[in-house]
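Reading through the structure tokens given below for one structure.
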Amino acid sequence: MSVRPARFITLEGVDGSGKSTQSRLLKDALEAEGYEVLLTREPGGSKGAEEIRTLVLEGEPDRWSAETEILLFTAARRDHLERTIEPALAAGKVVLCDRFVDSTRVYQGISRGDLRSTVDQLHALMIGCEADLTLLFDMDPSTGLSRAKARQTSEERFEDFGLELQVKMRAGFLELAKAEPERFAVIDASQNIDTVASDTLKALKAVL
Ligand code: TYD
């Protein structure tokens, strides 16, 4: 059990799983109850990390090797942690972070060979913290992918890896949740938006 109330909350899931919409709903719900909330995202969330975001999310799928990506995502995360997350936690805010290291564990750790231990070693060396609670938005990746592609942004490098990879990602996230049931709450993200929002709030209230 954590000695302080849970404040650092991460949201994870495959592309198009609805976590970004849910993070905004969650922020509004918590603020309505008087919590001070910072909503942030990865890759990004600080000036330097947003610059790295453009490097990793745009361009051809083979633009970077998985190893180079691990370094780029971890560099972005370190900047985000120092400049955005830690100051907000120190100020007593609830931090809602749309993706964190579990995305690196899954996307870079299993998508192109087994690099999970590289991800974990670099994480231990450079980041060294985990969320108090991770909300995993679980759904069939084919639905998620068609939603994600419908958005038509230039940030489609990972969506362009295709369905087969997204299926692997979903399984990877579920495996992480199984290995750390105390940290994870798995939300059925295939339900309607209001039901997902109420399940999400319930899971969070259990630890706040
Ligand atoms: P995001 O903007 O959250 O996209 P979505 O709203 O579709 O979930 O994330 C952008 C992409 O970055 C997503 O395809 C996953 C990928 N990603 C990684 O590969 N590794 C990481 O460590 C992170 C944080 C994201």
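No value in this document is a laboratory result; all are computed from the given coordinates. Computed from a prediction, not measured in an experiment: that's the story for all the values here. All Cβ positions, glycine included, derive from the backbone under ideal geometry; neighbour counts span all protein chains shown.
So here's what we get for this one:
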{"quantity": "Cα-centre dipole for the chain with unit charges at Cβ (Lys and Arg positive, Asp and Glu negative), debye to 20", "calculated": "300 debye"}
{"quantity": "Separation between Cα centres of the range 5-80 and the range 86-125, rounded to whole Å", "calculated": "10 Å"}
{"quantity": "Over 29 Å (Cα to Cα) - which of Lys47/Lys178; Lys93/Lys168; Lys19/Lys178; Lys93/Lys149 fall in this group", "calculated": "Lys47/Lys178; Lys93/Lys168; Lys93/Lys149"}
{"quantity": "Within the chain, helix-based [θ] at 222 nm, where runs of 4 or more DSSP H residues each add -39,500 (n - 2.57), nearest 500", "calculated": "-14500 deg cm²/dmol"}
{"quantity": "Dipole of the range 7-205, positive direction: furthest Cα of Thr104, Thr54, Ala29, with charges on the beta-carbon", "calculated": "Ala29"}
{"quantity": "FRET efficiency estimate (nearest 0.05) - Cβ-Cβ, Met126 to Val207, R0 25 angstrom", "calculated": "0.45"}
{"quantity": "Cα-based shape type of the range 115-208, given that a ≥ b ≥ c are square roots of the gyration tensor eigenvalues and the cut on a/c is 1.5", "calculated": "oblate"}
{"quantity": "Tail beyond 20 Å, pair distance distribution of the chain (Cα, percent)", "calculated": "55 percent"}
{"quantity": "Relative contact order [Cα under 8 Å, 6+ residues apart], the chain, whole percent", "calculated": "33 percent"}
{"quantity": "Quotient of Cα Rg and 2.2 N^0.38 Å for the range 31-116, N being how many residues it contains", "calculated": "1.20"}
